[in-house]
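Scroll down for the structure; my scribbles are underneath it.
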Amino acid sequence: MRKSRGMAVAVAIACLLGPAPASAGPLPPCATAAGTPEPAYGALGEAPYVGVWSGVVLGFGGDCPEILNGPAGSVVAISGQFRHDGTLDDLVARAGAVSAIEGVRYWSVSAGDWRPLVTLSRALESPGSTQTRSDFSAAEVLAGRTLYLAQRDGRSHGLNVYSMTAHARDRDRLTLTTVNETGIRFLVATLFEPRSLISVVTVTRLDGDRWGYYGLLVAKNGAGRGREASLVNRAAAFQRYLTGQPSDGAPPLAP
């Protein structure tokens, strides 16, 4: 299993990612209308390729959200292929079913075990509201307006509020951006300040029922330094959820 390697990563992560040539940074599909992303899509039926970078400055154009740009402490990208014989709407509906992610697990490097990614996940009526509602429909997500959800992370304290915004270039590509709108805390420490943990996921139909998945997780302000392995496994857990795979049905990308 080959994984691509980013620049200036911690030694443990560099060993994990292997000896592939380094690159200056990721190239997500939202930044390129055509061509191969970086890292490239992993082969169908195999684990996705992984890229990790630290201390980089991002500057994407295209359909990428502006919040990605600027200095980033840690950047994680996973890129793979999957089979999906349904429509884009089916994948969008899965993304909007925010309560369903409560059953998803990720590999905790510190615990050496599979743990819940979140213990509570609910859609919110509006920004600043604590009133929960039913999951978002595919039509609501595809409308392009910013939606809000609250989650209790298995490794943080309290409820964390996130915004989620979708951009559909056409019926064959969706870009989904999630941003933490409140600080993410553990005990008395703030792990991530508001709007400093950004996830951008793009699913693209490559050919027939063959799709590409590209997940980019960006930690601003150096907050992700030393947590790259955890970020890789968390990104992989969502990738498995959205593509319909068991969350703990494959070896962890960062054991």
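The values are calculated or read from the model by the stated rules, or taken from the named source; none is laboratory data. Everything numeric in this text was worked out from a predicted model, so none of it was measured. So basically every Cβ, Gly included, is an ideal-geometry build from the backbone, and we count neighbours across all protein chains shown. Note: accessible area is taken over every heavy atom of the protein model, side chains too, but ligands, DNA and RNA are not part of it. Shrake-Rupley method; radii C 1.70, N 1.55, O 1.52, S 1.80 Å.
Under the classification rounded if a/c is under 1.5, otherwise prolate if a/b is larger than b/c and oblate if not, where does the chain fall, given a ≥ b ≥ c as square roots of the Cα gyration tensor eigenvalues? Judged from the Cα gyration tensor, the chain comes out rounded (a/c under 1.5). To put it simply, the accessible area of the chain at a 1.4 Å probe is 53 percent carbon and sulfur.
Using the Cβ of Leu117 as centre and a radius below 12 Å, the other residues enclosed give a net charge of +3, where K and R count +1 and D and E count -1. In this simple spin-label approximation, Asp207 and Ala143 carry label points 7 Å from Cα along the Cα→Cβ vector, and these lie 3.8 nm apart.
Considering only Ala93, Leu117, Ser74, the residue lying farthest towards the positive end of the dipole of the stretch 69-137 is Ser74, judged by Cα position with unit charges set on Cβ.
If a/c stays under 1.5 just call it rounded; otherwise compare a/b with b/c (prolate if a/b is bigger, oblate if not). Do that for the stretch 110-255, with a ≥ b ≥ c from the square roots of the Cα gyration tensor eigenvalues.
oblate
Packing, as the average of other Cβ atoms within 10 Å across residues, places the peptides 155-165, 209-219, 245-255 in the order 209-219, 155-165, 245-255, highest first.
Accessible surface computed residue by residue for the chain, with neighbouring protein chains in place and a 1.4 Å probe, gives 43 Å² per residue.
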